[in-house]
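Here's the structure we're looking at; comments come further down.
Rule-based calculations on the coordinates, nothing more; no lab input. If you're wondering where the values come from, they're calculated on a predicted model, not measured in any experiment. Cβ sites come from the backbone with ideal geometry, for glycine too, and all protein chains shown count toward neighbours.
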Amino acid sequence: MMDRKMTGLNLTASLNLTATIWEEDGAYVSKCSELQVASWGMTPAEALRCLKEAVELYLENAEELGLFPYSRSG
């Protein structure tokens, strides 16, 4: 199991989210436990990239619904 801090989210507020990546059935699963968002990829790097994208989409949607108090930088 490999833990990495996620960075690069384009938010004005700083978020510290944890990505956990593990191998399962020949692929790599990635999960952000704080948000209960998951993704996967064929390599750990791809799994992390896909998870970052999924988290960004999750946060964009939460913001549009008024569930996330921070605004995105333009």
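For this structure, a couple of remarks:
- Local net charge near Thr43, Cβ-Cβ under 12 Å (Lys/Arg +1, Asp/Glu -1): -1
- In sequence order, the stretch 44-55 has phi-based couplings of x, 5, 5, 4, 5, 4, 5, 5, 4, 5, 5, 5 Hz under the Karplus curve 6.51 cos²θ - 1.76 cosθ + 1.60, θ = phi - 60°, and Gly or Pro positions carry x.
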